[in-house]
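Below is one structure, written out as C-alpha cells; comments come after it.
The values are calculated or read from the model by the stated rules, or taken from the named source; none is laboratory data. Note that the structure is a prediction, hence the values are computed from the model and not measured. Quick reminder, even Gly has a Cβ in these numbers, built from the backbone with ideal geometry, and neighbours come from all protein chains shown.
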Amino acid sequence: MDILRFATAGSVDDGKSTLIGRLLFDSKAIFEDQLEAVERTSRDRGTEYTDLSLLTDGLRAEREQGITIDVAYRYFATPKRKFIIADTPGHIQYTRNMVTGASTADLAIILIDARKGVLEQSRRHAFLTTLLRVPHLVVAINKMDLVDYAEERFEEIREEFTQFASKLNASDLSFIPISALHGDNVVSRSENMPWYQGPSLLHHLEHVHIASDRNLVDVRFPVQYVIRPHKTEFHDYRGYAGQVAGGVLKPGDEVMHLPSGLTTKIASIDTFDGPVTEAFAPMSVTLRLEDHLDISRGDMICRPNNQPKVAQEIDAMVCWMADATKLTPRTKLTIKHTTRTARALVKDLHYRLDVNTLHRDEAATSLSLNEIGRVSLRITQPLFVDDYARNRLTGGFILIDEATNGTVGAGMIV
Amino acid sequence: MLQHDYTTSQLDVLEAEAIHIMREVAAEFERPCLLFSGGKDSIVMLRIAEKAFWPAPIPFPLMHVDTGHNFPEVIDYRDRRAAELGARLVVASVQDSIDAGRVVEETGRRASRNRLQTTTLLDGIEENEFDAVFGGARRDEEKARAKERVFSFRDDFGQWDPKNQRPELWNLYNAKIRKGEHIRVFPLSNWTELDVWDYIRREGIEIPSIYFAHTRRVFERDGMLLPEGDVVQRGDDEPLFEATVRYRTVGDMTCTGAVTSTAATVDEIIAEIAATRITERGATRADDRASEAAMEDRKKEGYF
C-alpha cells in the first residue's frame, strides 16, 4: 500500500466539506464520537443539517466565524491506498494556504459548482495547482443533482475549463461529474449519469499512477547530516545522511560532490536495517563513499554527467506570504533550499502576476501578502538547483524574514 | 528502462519523512530533546531516532514529564528502554513543581495533574535550555492538532499561536528562533493510530504490558473505565469491579480510561483498532472531554 497526498480547493459553497466528509465517512475514517460532537454542535447552533465542515474546522476562531483559516490535514485509507488530504480554504486571501497544501500534493481536486460553472476562483485554483506542479488535477463538477444530471452542462464546463487550462500547461487533467451530497460518482459509479463512462472519484484516487511522478533520472542527494559515531566498533565510520531528492543511487556508482567537483564512488548505502542495493526518493539513507572528501551539510552529491546548476543568481516565481512586510527590490532575506541555508538579496522584481487573469504587471514595485511574481535573487553562496518543473525538491525554496524569523515567501526556480 | 516501478509502501514513506525531520533538527538546533513517556507514539519516535543516526548514538537526551500518577509498568519500561539505548533521561517531576509552589494541586474527586504538566514541561525546557522538543503527537488525534505544523513555533512563554503559524512547504522546515523561544517538532504528524500499530508490528518493538488485555479492578465514570490505584480518588457511588481491559493510550492513571478488550497480541490490537468506531482520545481521555476546544486551549498554553 502506498500513499497519495492530495489537496482540495474550493469553498464550503462548492460542497468541499461535504465531499471530504463523504470520503472520510464512507472509508470509515470518521468515528462515532467525532460525528456525535459535530451533530451536537450543529444542533446547539440551530443548524438543520449536520454541518460536516465542523469536522475539519478545528480551531475555535474558525468555528465561531464559520471560516477555515488554515490548511487542515485529514487521513483516510482504503484497502488500496493511504490518503493524506491537505484541505485548503478557497477564499482569495488564502493563496498562501493553497500554495502550502499544493507543495507536497500528488494530486489536486478542484471543485466546481455545476450551476455556477468556472468561476474566477476556479481559475485561480487551477493556476496555483499548475504553478506548484501538482502532477495530477481532477476537476470535480459537483451538485450535478441540481442541474438534472445533464451531460450538456458537464460538457460545457469541461470545455471552458480545458480551454483555460491549455494556457497553463496543466499535466494530467480529469473531469468527474459528482454529487457529493447524494454520493453520485464519489465512491461508486452513479446510476443517475449513465452517459459518464469514467471512474468514480475514489476509484480514480485509488488508481492514479504516482510512482513515476518522482524524478528517477537526475541523481540528487543533498547532504543533510554527517554521521560519525566515535565508537570503537565504528571507529572510521563516516556517513553522509540525507533524503534522496532525485534519481536512483547504487553502490559502485560514480558520483560527484558539489561544490568541490571531485568524483568518487558510492561504497555502500546504509540504513539501520542493513545496507540497501539502491536508493531513490523519498528514501532517507546514509551514503558511504570510497574516498575521503571534505563534505558537509548543504553540499550535494550528483552524477558527473548529470549535475544541477551551481548558481548564485537565480530567477524564480515567488509567492509572498507575510502580512506585515512586502517584497521589494533590495529586500534581504534568508533562503533555505534543500539542506543549504544562505542569505539572499532581491535584485529585481520583473512582474507581478494576476492569479485570476494571468496578466503580468511589469510596473509592479512590490509583492504583498498572497501575491505572486517573478523575481531575481542574488545568493551569498552557490545553490545547487534544478528548474522546479524538473524537480520540486531541488527547485523549491523558502524565504525567511531576518528580523521576525517568519517564513515569508515560497519560491519556484524557473 | 527502469526495472521496477519504485513504489514505496506507506510505512516506508512515513519513516523516511520522520527520519528526515529528526536529522534536520539535529543539524539545525543546539539542544534538542525527545519527549519520551513510554507511550506507543513516543516509543515509535524513539525507534526512528535510533534509525536516523545509526550507527551513532541518538545525539540528544530524552525527557519525561512525570506526573507521579503514571502507571508503574510504563515507568519501568521507560527506564529500561533509556538504559538499553544508553540515552540520558531527564525526568521533570510535577511533584517537584508542586513542592516548589510553581503549581497548586487540584482537589476533589476529579483532581488531575494533567493541566499542571504544562508548567513542569515548560520549566524543564527552560532549565535545560532545550531549543527543540520532539513530541509524538499526530494530526489525526484531534482537530486542533490537525492544523499544527511539523515544526511548531513556541514563543518565550511556550505558547502556541494557531492563527499565526509559519507556512510549511515541501520538506523545508524553518528552524529559526531567538533565545528563549523553542520549536516543538512532530515527526509523526502524518501517521495515524493504525500506522503506529502497523509499524510496531513490522519492527517487532516491545511495548508496555498495559497495552495488552489484562485483568484489572476498575470503576466506571463518565462511561470510561478508570483503574483502582492510590492516586485515583473514587467515590462510594463508584463501585469497583474486575474486568478484562487494555489501554489504548497511556497517560495519567487519574484520567486515562481502559477499554474492554481481549486483545493479547499486536495482531489482535490491530484487528480491534481497524474495526473500532471511536477515536482513541474519545474512548480514553477525560482531559479532552472538558470542552469542544479543550485540546486547543491547553496547547496554546504550551501543553504537549
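Before moving on, here are some points about what is shown:
- Within the stretch B:46-80, the set of residues being in contact (Cβ under 8 Å) with a residue 40 or more places away in the chain, under 29 Å from A:ASP270 (Cα atoms) and in contact with an Asp or Glu (Cβ under 8 Å, 6 or more places away or on another chain) comprises B:ARG47, B:ILE48.
- Within the stretch A:198-217, the set of residues being more than 10 Å from every other protein chain (Cβ to nearest Cβ), out of contact with any Ser or Thr (no Cβ under 8 Å at 6 or more places or on another chain), part of a loop (DSSP other than H, G, I, E, B) and not hydrophobic (A, V, I, L, M, F, W, C) comprises A:PRO199, A:ASN215.
- Matching residues in the stretch A:367-414 - criterion: being among the β-branched types (Val, Ile, Thr) and in a strand (DSSP E or B): A:ILE372, A:VAL375, A:ILE379, A:THR380, A:VAL385, A:ILE398, A:ILE400, A:THR407, A:VAL408, A:ILE413
Here is a yes/no grid of residues against (1) surrounded by fewer than 23 Cβ atoms within 10 Å (Cβ to Cβ); (2) β-branched (Val, Ile, Thr); (3) under 22 Å from the mean Cα position of the chain (by Cα):
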{"residue": "A:LYS332", "(1), (2), (3)": "yes, no, no"}
{"residue": "A:GLN381", "(1), (2), (3)": "yes, no, no"}
{"residue": "A:TYR388", "(1), (2), (3)": "yes, no, yes"}
{"residue": "A:THR407", "(1), (2), (3)": "no, yes, yes"}
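- Yes/no for B:ILE21 being at pLDDT 95 or above and more than 24 Å from B:GLY180 (Cα to Cα): no
- Condition check for A:GLY395: touching a residue at least 40 places away in the same chain (Cβ under 8 Å) and assigned by TED's automatic domain parsing to the domain that holds A:ASP348: no
- Members of the stretch A:92-136 found to be away from chain B (no Cβ under 14 Å) and more than 18 Å from the chain's Cα centre (by Cα), listed by number: A:ILE92, A:ILE112, A:ASP113, A:ALA114, A:ARG115, A:LYS116, A:GLY117, A:VAL118, A:LEU119, A:GLU120, A:GLN121
- Helices (runs of 4 or more DSSP H) wholly inside the stretch A:50-166 containing at least 3 residues that are more than 30 Å from A:THR394 (Cβ to Cβ) and either acidic (Asp, Glu) or at pLDDT below 85 (or both): A:53-56, A:60-65, A:151-166
- Any hit, the stretch A:358-365, residues being more than 14 Å from chain B (Cβ to nearest Cβ), surrounded by fewer than 14 Cβ atoms within 10 Å (Cβ to Cβ), touching a residue at least 12 places away in the same chain (Cβ under 8 Å) and under 22 Å from the mean Cα position of the chain (by Cα): yes
- The stretch A:291-303, subset in a loop (DSSP other than H, G, I, E, B) and surrounded by 14 or more Cβ atoms within 10 Å (Cβ to Cβ), residue farthest from the chain's Cα centre (by Cα): A:LEU293
- Candidate set: the stretch B:187-205, residues that are in contact with a helix residue (DSSP H, G or I) (Cβ under 8 Å, 6 or more places away or on another chain) and assigned to a loop (DSSP other than H, G, I, E, B); chosen: the one farthest from B:GLU84 (Cα to Cα): B:ASN190
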